[in-house]
Amino acid sequence: MNELLKLVHGVVNWGMDTAESMNAGVLIDASVFYALMWVSVLAALGVVLCRNVVHSALLLTASFIGVGCLYIYMDSPFIGAVQFLVYGGAVAILIVMALMLTRRDDMAHSNLSRSLFCQAGAAVISGAFFLCISVASLMTQFREMSAELGDSVTGLADMMLTKYILPFEVAAVLLLIAMIGALVIAKGAHES
Amino acid sequence: MGFPILSTVLLAPLLMALVICFLPRESREQIRMLAAASMGVATCLTLYAYAAYDTAAGGMQFTERIPWVTDLGVSYSLGVDGISLPMLLLTDVIGLASVFSSWNIEKRAKEFFILLLVLITGVTGTFIACDLFIFLLCYEVVVIPIYIMVLIWGSTKRVSKEYSGMKLTIFLLMGSAFMLVGIVSLYLGAYPAGQRTFDIEALIMASQMGHMSMEFQILVFLLLLAGFGSLLSMFPFHSWSPDGYAGAPTAVSMIHAGVLKKIGGYGLIRLGLMVLPLGAKFWAPLIAGLAMINVMYAAYCAMVQKDLKYIIGYSSVSHMGYVLLGFAALNVVSISGAIANMVAHGIMASLFFSQIGYVYEKTHMRSIPDLKGLAHYFPRVTIGFMLAGLASVGLPGLIEFVPEVTIFMGTIGVYPFFAVLAIAGIVFTALYILRMLAKVLFGPKDEHFAQYEDQKGVEVLPLLLLGVFLIGFGVFPELLMSVIDSGVQPLTPLLAALSDVPTLLGGGL
Amino acid sequence: MMDIFSLSAVDILNWSVHIGLTHFLLLAALLFSIGLYGLLTRRGIIPTLMCVELMLNAANINLVAFNHYRPVTDFSGQLMAVFSIAVAASEVAIGIALAFRIYRERGSVNIDELNHMKG
Amino acid sequence: MSEFALTHAWLIPLLPALAFVVIGLFTRLNKKLSEAIAVSAISLSFLVSLCVLAAVIGGPVTMDNPFIQKALWAKMGTLELSMGVLIDPMTAMMLIVVTTVALLVQVYSIGYMEHDPGAGRFFAFLSLFASSMLGLVISVNFLQMYAFWELVGVCSYLLIGFYYYKISAREAAKKAFITTRIGDFGMLLGILLLQITFGTLDFMELKELVPAYIWISGTGFMTVVGLLLFIGPIGKSGQFPLHVWLPDAMEGPTPVSALIHAATMVVAGVYLVGRAYFIFSALPTVMNVIAWIGGFTAFFAATIAVTQRPFKRILAYSTISQLGYMMLALGVGSLTASMFHLMTHAFFKALMFLCAGAVIEAMNEEADIFKMGGLRHRMPTTFKCMTIGVLAIAGVPPFAGFFSKDMILAAAAEVSTPLYLLAAATAFMTAFYMARLLFVAFFGEVREDCPAHETNSYMKWPLVVLAVLAVLSGAWGHFAGFGEWVYYGTAAEEHIDFMIAGSSVVLTFIAFALAYEIYVAKRFSSYLISQRFGILYKLSYNKYYVDEFYTIVRNTFVDKLGAALYWFDLRVIDGMVNGLAKGVGCLSCVFTVLQNGQAQRYAAVFYCGVIALVAYSIFYAFRILQLLGGAY
């Protein structure tokens, strides 16, 4: 019983002396990060657990937006914008549209899950996975240093067009093919 | 030597199989004739080789050697010496007899004869190969045709033919797996990386130069024993042979009992004894013990069989026990007796199977309670049965007597207890053989068999062919023994050196 | 430098306040395992696709985080993220098209019926 | 001439063998031709053996330095198996006996087999038998003797089973072969032991080596070898434990019984002991065993013969009894007495069997003597020959039996009185059951339903010749000095011990009178006597239940054990093999669970793999880091 007391006492002292030593910026930073984190994590949980598949689609969008804000928090606005644009906009809407097209009877509990045993198994597997990755990441000592790289957009742009020109072109072609492919598949080749 | 005798003996059946492929399916007569012709050529050449073999010189004769895969040390080298020549003769004689005894196969005759000729080529290859690689190659060639022939032309009696075909093949393949491991370790252990070779003579030289340690020889011999033992239906691995024979068609069981089992014995002597003498000496008491069990156990099992082919299956397991006993005694007399016994049993078992095959072909009956009083309607088959039966009992004047007595003379000094029990086997063999002959051949007339006519024309040829050898080698054993003696004679220094080598459990009983 | 085995309460609180690379790694891992859980339990094709998207997102976070918190000289991490987003987008397009087509052929979107490729 | 005969003695077995081959392959269906070939072959052999006899009597050949010829048969390493010819007075005597009886039996069977379709086959087998018996007689080493020994066994198997459509015949043939085979097993062991200790099986070489070996290392090991060797003759000559096959062998045609089971094959055992006498005579314990087995078998068989009903079965038991006499003679150390009795017995026993054949054929296959009666009027010649035979075997003075039997009795008397008493009792019983046979079958009133008539000439003349031989052989042997001629060690001079001879003659006459009282004058009814003896009669009539005992032994030790082992083979060994196959089968079904088509199942398995990898790398993180050179 007394170790617990000692623990609480330690925490309280810590609270008081950091408050005056740390400037307000760090705390604000941390609170923004945690807010965004909880938004995206809870949204993701919602996607997975929610019964109504439309709700989960919307929560997916919320999660994408949360992640987008995190990108901005990590001061890489271009990726944040791309995230909002592509994921938040296109992908989420596409999924919702697909849901509407493949409507079946009652949407309320369309998001069926498998038997309890499979859920337990999946939970174990994903839990073990999370554990492994977190232990791995905690254990390794990264030499952290937030390098000031300056504006990411110009940096990205010249990298894309100079060093990584080939992947850039390939990505373009890929997107084109995906679009045509989607059309052909959705339309059904033999009807045309 | 100008004319490559051994290559022609090996390839004649194979080439004829190719020729038969292109013949139309209906021309059954031509196919049969061609098959018989090719086997005839092979047999005549073997007889010539047998006659021309110079027993005084001994060693490998009629050798041919063409380097094949040089960096692996593999060469297409054939050769025949005192041990393999009788086996080769056995193969060709039984091959010819099996072709004649499957003369009136109706169902898919073309495929049957192609597979039969491939099978005979494989078996011939194993005996005349002087190169382990060729030995293994030919051995694997043998297994596949047998499986197919049992499946298509087999007969379902106590056990379905699929089961017996499957069991037969899996046992042989498992055996050959052990053997392969043994041979590869031999290949690696004999010479350092540079001059590795598969040639048997070289391996023998290596073992004499002491390249292989005692433990190496003991372990590798055990592997070879498992391989060749299962082929030779040694006690724990014998359960495939009765089922295998019962399921197989006549020709296959003739070749199988007659020759395929002898590959095990030949391999044991050629690879086991010559290349791994220390291993052979170490495991000799175990082999002798198993051999004795082989003899008595199989004789007892044969006592209660109802099916003719099962009796011959168990009797061949029992006779292989004698061969193993002869081998285990590790002296010149008993080993030459073992080889002679292999030849004797080969001819005898194939004669038995050809006669049973004929009876089964005509009456579709093979179990002893159904068949009675065959002597009235099948005089020639009766002669066949009596000849084979009395030979397997060891009647002097027929082929089995001299080898059996030689094995006993060689073994009784080394393993008195095992030898006495094995010799007691001759009483039990007499019991089950005569009981079978009495029930099947003699007894009151049975009208049911009146409708079948006896062997005539080509069907008598197996009886004549094998009968000639059965009586010829029986009355004049020197014909067979002189060749075998010249093969086994070079072993005497090897065997003499073995006297002080440690053995399992400190020597047998 | 953090050695997680000799932690005391104070260090944890200090660590939690200063946002560093490991926070993002943990976040990404959490998102990824949630996506994985969804992938393994959802019956329908579209929900499965959604979970796959989640997992891809988690991967992108890692990319950007490493680029941000590591002493790198160029934006290769973010570039990789861009390309991965492109790929993910096309993947969703194709996925949806397939789902749509399967719905029309089979009449149902339930994954269990789609085991014709069974071994 | 005699030199030629000696050097070509190997012709004697070869000629009948050639006859067998010729008849077997070509003339089997033509009765007349095959008879001619067979008889001519055996008569040629008879002539050659006559020349051999002449050569032996005239020439230098004696028991101590026989004429030897050898040829290599098979050579393996140090072991050399050879075949050859060994002629000495004993061989010459045996040659004459075998060829004479074989010739007369073949002539007899021409008549006997007149309307039998298988006659060709019969003559082929007879020739084969004659050649193998002659081969056995002239063999030069143990292995050759063993080889022909087995060949003779097979011929008797073929001939007993000649009427193969009768189940009893084929069973009797099988029984004969198996029982003699058990004897052969023991003998083979003895031969093998001889081979590995002395390195040779040749009689002459062993003759020097064995006494030397015994002198050095005592009689322990050699007694074992001697006993093992003696097991062969027990089997072949129907001595006590292995005698069961001989009475059943009567299933074969009568000429066969006459030739094989009276004159030739069954004496092969006696001949072997005679030939290897240098081994046996040096081993007192073995001699004792031989004597007592012989004596006991004689007495035992005589007691059974007294109560038997079928004609040939009585003769069979009397043969076993007489063979017991010969073994007794050998056991007490007199080779001459045994060989002399062998010769005389061959003639009068063959005579009686042939008479039996004539009688049974005349009574169309009726063998029971109590159903015959008064045949002396219907078949006078057969009756006369049968009487001569009976008198000869009973040992009435002028006839053959008297001389040879009394020589045995005299030899037995010198060694041990219990044996002599046993032999004398057997002589009394022999006289009794022979007289019983004669009186019941030939005397009394003629039955109306009996179709008996005198036999045809082919069967009659051999009887007459044999009758003459039965009378003369005894006297000729005695007075011409059989002793100086066939002996072991020192030549035994002929003398008649009047005390023993007188007592045995008196016993014989008492037995005749007793038999006459019971069966002809019917003073005492045989039925009453058998009731009074009760148990003894029942035991004797059922042959002491030896056959039943053997059947039980065979059932338990062979059939049941075989079934048990076969069950073991099926269940355990096959079980293991099939079990292995099933095991592999269900091992595979464990993995099929992972491939059931559901995508999620594959994903789950995939991620398990990932987790395993990550976990592995965490535990060995440091080593991996060093590997990467810490470039993070």
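Considering only the stretch D:470-483, state which residues are closer than 19 Å to residue D:339 by Cβ and either surrounded by fewer than 24 Cβ atoms within 10 Å (Cβ to Cβ) or small (Gly, Ala, Ser) (or both).
From the stretch D:470-483, those closer than 19 Å to residue D:339 by Cβ are D:470, D:472-483; that's our starting set.
If the condition is that a residue be closer than 19 Å to residue D:339 by Cβ and either surrounded by fewer than 24 Cβ atoms within 10 Å (Cβ to Cβ) or small (Gly, Ala, Ser) (or both), then D:470, D:472, D:473, D:474, D:475, D:476, D:477, D:478, D:479, D:480, D:481, D:483 are the ones that fit.
One line per residue, one yes/no per condition, for (1) part of a helix (DSSP H, G or I); (2) more than 20 Å from the chain's Cα centre (by Cα):
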{"site": "B:158", "(1), (2)": "no, yes"}
{"site": "B:165", "(1), (2)": "yes, no"}
{"site": "B:169", "(1), (2)": "yes, no"}
{"site": "B:172", "(1), (2)": "yes, no"}
{"site": "B:176", "(1), (2)": "yes, no"}
{"site": "B:182", "(1), (2)": "yes, yes"}
{"site": "B:185", "(1), (2)": "yes, yes"}
{"site": "B:188", "(1), (2)": "yes, yes"}
{"site": "B:197", "(1), (2)": "no, yes"}
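Could you list all residues from the stretch D:1-24 that are surrounded by 18 or more Cβ atoms within 10 Å (Cβ to Cβ), closer than 17 Å to residue D:139 by Cβ and not hydrophobic (A, V, I, L, M, F, W, C)?
Across the stretch D:1-24, the qualifying residues are D:13, D:16.
In the stretch B:350-361, is there at least one residue being acidic (Asp, Glu), over 30 Å from residue B:450 (Cβ atoms) and assigned to a helix (DSSP H, G or I)?
First, pick out the residues of the stretch B:350-361 that are acidic (Asp, Glu): B:361.
Narrowing further to those that are over 30 Å from residue B:450 (Cβ atoms): none.
Within the stretch B:350-361, not a single residue is acidic (Asp, Glu), over 30 Å from residue B:450 (Cβ atoms) and assigned to a helix (DSSP H, G or I).
Before we move on, is residue D:130 modelled with pLDDT of 90 or more, within 8 Å of chain B (Cβ to nearest Cβ), in contact with a helix residue (DSSP H, G or I) (Cβ under 9 Å, 6 or more places away or on another chain) and in a helix (DSSP H, G or I)?
Values: modelled with pLDDT of 90 or more: yes; within 8 Å of chain B (Cβ to nearest Cβ): no; in contact with a helix residue (DSSP H, G or I) (Cβ under 9 Å, 6 or more places away or on another chain): yes; in a helix (DSSP H, G or I): yes.
When the stated conditions are applied, residue D:130 does not pass them.
Got a sec? Which of D:136, D:143 is facing chain B (nearest Cβ under 9 Å), of a type in the set (A, V, I, L, M) and buried (at least 24 other Cβ atoms within 10 Å of the Cβ)?
On the way: D:136 fails: facing chain B (nearest Cβ under 9 Å).
Just a single option satisfies the conditions, and that option is D:143.
For (1) touching a strand residue (DSSP E or B) at 6+ places or on another chain (Cβ under 8 Å); (2) part of a helix (DSSP H, G or I); (3) of a type in the set (A, V, I, L, M, F, W, C); (4) surrounded by fewer than 20 Cβ atoms within 10 Å (Cβ to Cβ), each residue gets a yes or a no:
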{"position": "B:375", "(1), (2), (3), (4)": "no, yes, yes, no"}
{"position": "B:380", "(1), (2), (3), (4)": "no, yes, no, yes"}
{"position": "B:384", "(1), (2), (3), (4)": "no, yes, no, no"}
{"position": "B:388", "(1), (2), (3), (4)": "no, yes, yes, no"}
{"position": "B:399", "(1), (2), (3), (4)": "no, no, yes, no"}
{"position": "B:403", "(1), (2), (3), (4)": "no, yes, no, no"}
{"position": "B:409", "(1), (2), (3), (4)": "yes, yes, yes, no"}
{"position": "B:431", "(1), (2), (3), (4)": "no, yes, yes, no"}
{"position": "B:436", "(1), (2), (3), (4)": "no, yes, yes, no"}
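Please go through the stretch A:86-98 and pick out each residue that is more than 9 Å from every other protein chain (Cβ to nearest Cβ) and either under 16 Å from the mean Cα position of the chain (by Cα) or surrounded by 23 or more Cβ atoms within 10 Å (Cβ to Cβ) (or both). Full working, then the answer.
Pass one, the stretch A:86-98, residues more than 9 Å from every other protein chain (Cβ to nearest Cβ): A:88-89, A:93, A:96.
Within the stretch A:86-98, A:88, A:89 meet the criteria.
Scan the stretch A:26-60 for residues that are among the polar types (S, T, N, Q), part of a helix (DSSP H, G or I) and surrounded by fewer than 21 Cβ atoms within 10 Å (Cβ to Cβ) and jot them down. Walk me through it before giving the result.
Looking only at the stretch A:26-60, we keep the residues that are among the polar types (S, T, N, Q), and these are A:31, A:40, A:52, A:56.
Restricting the remaining residues to those that are part of a helix (DSSP H, G or I) gives A:31, A:40, A:56.
Selection gives A:31 alone.
Could you list all residues from the stretch B:1-22 that are modelled with pLDDT of 90 or more and outside any helix (DSSP H, G or I)?
B:22
Answer with yes or no whether residue D:529 is under 27 Å from residue D:445 (Cα atoms), assigned by TED's automatic domain parsing to the domain that holds residue D:436 and without any contact (Cβ under 8 Å) to a residue 12 or more places away in the chain.
So residue D:529 passes the test.
Looking at residue B:440, is it assigned to a helix (DSSP H, G or I), among the aliphatic types (A, V, I, L, M) and away from chain D (no Cβ under 14 Å)? Can you show your working first?
Numbers: assigned to a helix (DSSP H, G or I): yes; among the aliphatic types (A, V, I, L, M): yes; away from chain D (no Cβ under 14 Å): no.
Spelling it out, it is not the case that residue B:440 is assigned to a helix (DSSP H, G or I), among the aliphatic types (A, V, I, L, M) and away from chain D (no Cβ under 14 Å).
Only helices (runs of 4 or more DSSP H) wholly contained in the stretch D:536-618 count here; list those with 2 or more residues that are within 41 Å of the chain's Cα centre (by Cα) and farther than 30 Å from residue D:308 by Cβ. Explain how you work it out, then say what you get.
Working: elements: D:546-554, D:561-568, D:575-592.
Because the criterion is at least 2 residues that are within 41 Å of the chain's Cα centre (by Cα) and farther than 30 Å from residue D:308 by Cβ, the helices (runs of 4 or more DSSP H) in the stretch D:536-618 that meet it are D:561-568.
Could you say whether any residue in the stretch B:127-141 is in contact (Cβ under 8 Å) with a residue 12 or more places away in the chain, closer than 19 Å to residue B:258 by Cβ and surrounded by fewer than 19 Cβ atoms within 10 Å (Cβ to Cβ)?
yes
Conditions tested, residue by residue: (1) under 20 Å from residue A:126 (Cβ atoms); (2) in contact (Cβ under 8 Å) with a residue 40 or more places away in the chain; (3) assigned by TED's automatic domain parsing to the domain that holds residue A:157.
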residue	(1), (2), (3)
A:38	yes, no, no
A:41	yes, no, no
A:45	yes, no, no
A:50	yes, yes, no
A:56	yes, yes, no
A:60	yes, no, no
A:63	yes, no, no
A:73	no, yes, no
A:76	no, yes, no
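Can you give me the number of residues within the stretch D:156-194 that are at the interface with chain B (Cβ under 9 Å from one of its Cβ atoms) and over 30 Å from residue B:411 (Cβ atoms)? I'd like the intermediate steps shown before the answer.
If we filter the stretch D:156-194 for residues that are at the interface with chain B (Cβ under 9 Å from one of its Cβ atoms), which is where we start, we get D:157-158, D:161, D:164-167, D:169-171, D:173-174, D:177-178, D:181-182, D:184-185, D:188-189, D:191-193.
Going one step further and asking which of them are over 30 Å from residue B:411 (Cβ atoms), we end up with D:158, D:161, D:164-167, D:169-171, D:173.
Count: 10.
Among the residues that make up the stretch D:85-96, is at least one of them within 14 Å of chain B (Cβ to nearest Cβ) and touching a helix residue (DSSP H, G or I) at 6+ places or on another chain (Cβ under 8 Å)? Spell out the reasoning first.
First, the residues of the stretch D:85-96 that are within 14 Å of chain B (Cβ to nearest Cβ): none.
So far as the stretch D:85-96 goes, no, none of its residues is within 14 Å of chain B (Cβ to nearest Cβ) and touching a helix residue (DSSP H, G or I) at 6+ places or on another chain (Cβ under 8 Å).
Looking at the structure I just gave you, is residue B:369 surrounded by fewer than 24 Cβ atoms within 10 Å (Cβ to Cβ), more than 18 Å from the chain's Cα centre (by Cα) and assigned to a helix (DSSP H, G or I)? Spell out the reasoning first.
Working: surrounded by fewer than 24 Cβ atoms within 10 Å (Cβ to Cβ): yes; more than 18 Å from the chain's Cα centre (by Cα): yes; assigned to a helix (DSSP H, G or I): no.
No; evaluated as a whole, the condition is false for this residue.
What about residue C:34, is it at the interface with another protein chain (Cβ under 7 Å from one of its Cβ atoms) and at pLDDT below 90? If you could, list the steps in order and put the result at the bottom.
Numbers: at the interface with another protein chain (Cβ under 7 Å from one of its Cβ atoms): yes; at pLDDT below 90: no.
For residue C:34, the condition - at the interface with another protein chain (Cβ under 7 Å from one of its Cβ atoms) and at pLDDT below 90 - is not met.
The values are calculated or read from the model by the stated rules, or taken from the named source; none is laboratory data. What you see is a predicted model, and the numbers here were worked out from it, not measured in a lab. All Cβ positions, even for glycine, are placed from backbone atoms using ideal geometry, and neighbour counts span all protein chains on display.
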